[in-house]
Amino acid sequence: MCGIIGYAGYRDVVSTILQGLTNLEYRGYDSAGIALQDNGEIKIYKTLGKLVNLKNELEKKKTEFEHPTMGIGHIRWATHGSPSLVNAHPHTCTCGKLVVVHNGIIENYKELREELINKGCKFRSQTDTETIAHLIAEEYSKTKDLEAAVRNSVKKLQGAYAICVMHKNAPDIIVGARKHAPMLIGIGEGENFIASDTPAIIEYTKKAVYLDDNQIAVVTKNNVKITDTNGNEIKKKIEILPWESMSLSKMGYKHFMLKEINEQPDVIRNNLSGKLFDIDAPVNLKEVKLDKAALKKLNKIEIIACGTSLHAAMVGKYIIEDFAGISVEVEASSEYIYRKTTTDASTLVVGVSQSGETADTITAIKQAKKKGAKILIITNRPDSNMARLADSLIPVNAGIEVSVAATKSYTAQLISFYLLAIHLAEVKESLDKSTLRNLKHELIQLPYKIEEILSDTTKIQECAKNFSSYKNFIYIARGVNLPTALEGALKLKEISYINATGYAAGELKHGPIAMLDETMPVLSVMIPGGITYEKVLSNSEEAKARNAKLIALTSSTDKALYNLFDAVLKIPKVSEILSPVITCVPLQLLAYYIAEFLGKDVDQPRNLAKSVTVE
Ligand code: F6R
């Protein structure tokens, strides 16, 4: 979603801020802007569309600024008001001396705006953010102290914000503040940074301080001061950031998405290491802080997540119920929030999120926590807001995921669920020794099977080319692979903009079959030896009878399949229960190659953001 970087220091301010914004670009945005403290003036530049437009604009106008000493930059993903120059950040007060960039949503902005208009403020945009600029400027006019002005103003804001503020008359400081939106301070030598996310600053420093809600930071090039809303100074621990700047490089791949798909075998190995190394030993999931007695008694789990993480959660439900016999409910966070749930102190609530910043999931987790539930978070960002709400935390260790479409974080989440389900089964003694051994043995083999798929993608590329002109797709599967069908369809939709829907194969005949004809390809996920193979095969035949073109995703070697299916995407032999870790990979690749073939912006699809920090 939106991204912020503020910089005060010895480097070239413009290029440092532009690089920081470039490293946040993957989050998705529609406009960008920068404000510079230069020679006693605030100078603002904004452009619509990609960051390259802002870079070109700054290059064109570089004679307008002399030697900027500080600056703040922003990429915007429109919430209030359309993507336009006037709505792009930074926003200013009426006289233009104060500038602000903002992530989040101010819920009471309409009331504040009306009050400020009555006091004579001139609004130019439709954004909630502009209200913040006028509000702080009004406070500043009373105190002439930017830090105090920010402190007094944020007390009046309802909603979520991470803000960076500069004022013409306070040329040495940038003030940052946050509530319900992430913000960190990067600490350097003779330079300091404020940012909404780690990648913005990782090229420059690995030392950072995370701001908590209701904290205010005053940053100069040589100093950082953090206070609470009453002005009391807070000493905070300097943390070492868990990322390498190298992870932001495509490493020779055409797109981050392709790189990240190819990283999956290593991500799985990484994820298993230290947790599963001996098939005769219990999995080592010390991250789950519930004691054995509590786990033994546990009979209700709720998993909440959104999008791709929700599909991982659906696989989680299937395998926890199968392995450990514990009843599991899975729900989209955005639905959980608006329902009288039966969550109570005996419930284990699992939040799943790549980013750890998804607003719906954070709200749902907070709600569950209030009801006394124990909270387990499965996330790729142990440094996130969601992780801070956890009683137990399983980091999925996928490394930074830059492409908007989640791939490696999905397989990493799946692996975490397999480890959790086996751990629960071991505590509950619900599976016999030989089943556990077989499961663990096969889990360890999964990276090799994915490597086999990745080593030759010709058939997938061919299929992508042959099917790229279709406007609609149906993906079908049953059982543990139903989430695979949903996830495969989601991948295709989000990066190629082709309409694709996943269905439980058995549901096809209850309505969707009416849509089938030669214009609607059907992709079937079928694992021979599993309990659903024959049924999905016969559902595929029903589709063929309606003239649909068919694609099979299967480990079957049955030659007869080639008579029924127009394309067969082969995967290595795998047991049905573990197959979701494998079946998702050709579907990620199929979506990737279709989108690539159609010339779409694979890594940054339109209208999407990497982390969705608004409800
Ligand atoms: C799809 C995708 C989204 C996210 C969803 C949840 O490729 O990336 O559907 O899965 O926005 O995000 P997280 O997992 O960060 O909570």
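Check whether at least one residue in the stretch 595-603 is within 30 Å of residue 161 (Cβ to Cβ), within 16 Å of the ligand (Cβ to nearest atom) and open to solvent by 10 Å² or more (accessible area, probe 1.4 Å), and report yes or no. Within the stretch 595-603 (the criterion being within 30 Å of residue 161 (Cβ to Cβ), within 16 Å of the ligand (Cβ to nearest atom) and open to solvent by 10 Å² or more (accessible area, probe 1.4 Å)), the answer is yes, since at least one residue qualifies. In the stretch 220-243, of all residues being open to solvent by less than 60 Å² (accessible area, probe 1.4 Å) and under 17 Å from residue 207 (Cα atoms), the one that is farthest from the chain's Cα centre (by Cα) corresponds to 220. Counting only strands (runs of 3 or more DSSP E) that sit wholly inside the stretch 498-615, those with at least 1 residues that are charged (D, E, K, R) are 567-570. In the stretch 138-252, counting only strands (runs of 3 or more DSSP E) that sit wholly within it, the ones holding 3 or more residues that are closer than 22 Å to residue 388 by Cα span 161-167, 174-179, 184-187, 207-210, 215-219. Kindly establish whether residue 25 is at negative phi, open to solvent by 40 Å² or more (accessible area, probe 1.4 Å) and in contact with a Lys or Arg (Cβ under 9 Å, 6 or more places away or on another chain). Judged against the criteria, residue 25 is not a match.
Yes or no, residue by residue, for (1) more than 17 Å from residue 276 (Cα to Cα); (2) at pLDDT 95 or above; (3) under 29 Å from the mean Cα position of the chain (by Cα):
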{"residue": "419", "(1), (2), (3)": "no, yes, yes"}
{"residue": "425", "(1), (2), (3)": "no, yes, no"}
{"residue": "429", "(1), (2), (3)": "yes, yes, no"}
{"residue": "432", "(1), (2), (3)": "yes, yes, no"}
{"residue": "436", "(1), (2), (3)": "no, yes, no"}
{"residue": "444", "(1), (2), (3)": "no, yes, yes"}
{"residue": "452", "(1), (2), (3)": "yes, yes, yes"}
{"residue": "459", "(1), (2), (3)": "yes, yes, no"}
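Within the stretch 309-350, the set of residues being within 17 Å of residue 298 (Cα to Cα) and either assigned to a strand (DSSP E or B) or in contact with an Asp or Glu (Cβ under 8 Å, 6 or more places away or on another chain) (or both) comprises 317, 327, 328, 329, 330, 343, 347, 348, 349, 350. In this structure, does residue 569 turn out to be within 16 Å of the ligand (Cβ to nearest atom) and either open to solvent by less than 10 Å² (accessible area, probe 1.4 Å) or in contact with a helix residue (DSSP H, G or I) (Cβ under 6 Å, 6 or more places away or on another chain) (or both)? For residue 569, the condition - within 16 Å of the ligand (Cβ to nearest atom) and either open to solvent by less than 10 Å² (accessible area, probe 1.4 Å) or in contact with a helix residue (DSSP H, G or I) (Cβ under 6 Å, 6 or more places away or on another chain) (or both) - is not met. Looking across the stretch 333-361, the residues that are more than 9 Å from the ligand (Cβ to nearest atom), open to solvent by less than 30 Å² (accessible area, probe 1.4 Å) and within 25 Å of residue 418 (Cβ to Cβ) come down to 336, 343, 347, 348, 349, 350.
Quickly run through the stretch 499-519 and pick out the residues that are buried (at least 21 other Cβ atoms within 10 Å of the Cβ) and under 26 Å from the mean Cα position of the chain (by Cα). Within the stretch 499-519, 500, 502, 503 meet the criteria.
The values are calculated or read from the model by the stated rules, or taken from the named source; none is laboratory data. What you see is a predicted model; the values in this text were computed from it and never measured. Here Cβ is always computed from backbone atoms with ideal geometry, including for glycine, and neighbour counts include all displayed protein chains. The accessibility values were calculated without ligands, DNA or RNA, using every heavy atom of the protein model including side chains. Shrake-Rupley method; radii C 1.70, N 1.55, O 1.52, S 1.80 Å.
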